[in-house]
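The values are calculated or read from the model by the stated rules, or taken from the named source; none is laboratory data. Please read all numbers here as calculations on a predicted model, not as lab measurements. Don't worry about glycine lacking a Cβ; one is built from the backbone with ideal geometry, like all the others, and counts go over all protein chains shown. Side chains included, ligands, DNA and RNA excluded: accessible areas come from the protein's heavy atoms. Shrake-Rupley method; radii C 1.70, N 1.55, O 1.52, S 1.80 Å.
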Amino acid sequence: MNDEDFAIKLGNRIRELRKIKGVSQLELAYDMDMSMNTISGIELGKISPKIDTLKKIAEKLNINIGELFEFFETPPQDKTTRKKIEEIANKLKPYNKDFLELVDKSIDILIKAGETLPNNE
C-alpha cells in the first residue's frame, strides 16, 4: 500500500469513527483548535496528520489511538449499514458504562445466534 492509499484509508476511518461518535467536523475542528478545512483534508487523505494530531483526534473521539488504524481489518460496508451503525451508536450515547457492558454482551449473544442461521455471511 502506498502513502496515498494509506492516507485515504486513515482519513476514511477517522470520518467513520467521528460519525459513529456523533461528532461533526466543525466540533472536532473547534475542540482541536484547527480549521474545518484541515479536518476535511485529513478525512479526504489530502493531509497526512502528525502523530500528535492523531493522538488528539483519538482523545476527542474517546477512543484508543489504535482504533484509528483498524481499517486493515474492517471490511468495507455499504452506506445503509454504516448509517444503521451510526443510529445505534447515537441511541447508546446517553447510557452509562454498566448498561453499555450489558448491551455489548447482548450483541455477542446475538452474533453467536446469528452464526447458526443458514445463509449467514
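When the criteria are applied in full, K50 meets the requirement of being free of Cβ contacts under 8 Å to residues at least 24 places away in the same chain, over 15 Å from the mean Cα position of the chain (by Cα) and within 25 Å of G11 (Cα to Cα). Give all pairs with beta carbons closer than 7 Å in which a residue from the stretch 31-46 that is without any contact (Cβ under 8 Å) to a residue 40 or more places away in the chain and over 15 Å from R15 (Cα atoms) meets a residue that is open to solvent by less than 60 Å² (accessible area, probe 1.4 Å) and of a type in the set (D, E); count only pairs at least 6 apart in sequence or on separate chains. As it stands, the answer is none, since no pair meets every condition given.
Table: residues versus (1) surrounded by fewer than 17 Cβ atoms within 10 Å (Cβ to Cβ); (2) part of a loop (DSSP other than H, G, I, E, B); (3) hydrophobic (A, V, I, L, M, F, W, C).
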{"site": "L17", "(1), (2), (3)": "no, no, yes"}
{"site": "L26", "(1), (2), (3)": "yes, no, yes"}
{"site": "Y30", "(1), (2), (3)": "yes, no, no"}
{"site": "I39", "(1), (2), (3)": "no, no, yes"}
{"site": "I42", "(1), (2), (3)": "no, no, yes"}
{"site": "G45", "(1), (2), (3)": "no, yes, no"}
{"site": "S48", "(1), (2), (3)": "yes, yes, no"}
{"site": "I57", "(1), (2), (3)": "no, no, yes"}
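Among residues of the stretch 1-15 being hydrophobic (A, V, I, L, M, F, W, C) and open to solvent by 30 Å² or more (accessible area, probe 1.4 Å), the one that is nearest to F69 (Cα to Cα) is F6.
Can you tell me which residue is farthest from F6 (Cα to Cα) among those in the stretch 59-71 that are touching a residue at least 24 places away in the same chain (Cβ under 8 Å) and outside any loop (DSSP other than H, G, I, E, B)? Among those residues, the one meeting the criterion is K60. Beta carbons closer than 6 Å, at least 6 apart along the sequence or on distinct chains, pair a first residue in the stretch 76-98 that is closer than 14 Å to R18 by Cβ with a second that is of a type outside the set (S, T, Y) for E86/K19; E86/I20; A89/I20; N90/G22. Within the stretch 86-100, the set of residues being surrounded by fewer than 11 Cβ atoms within 10 Å (Cβ to Cβ) and over 19 Å from L61 (Cα atoms) comprises D98 only. Only residues that are part of a helix (DSSP H, G or I) and under 22 Å from E16 (Cβ atoms) were counted across the stretch 111-121, and they come to 1.
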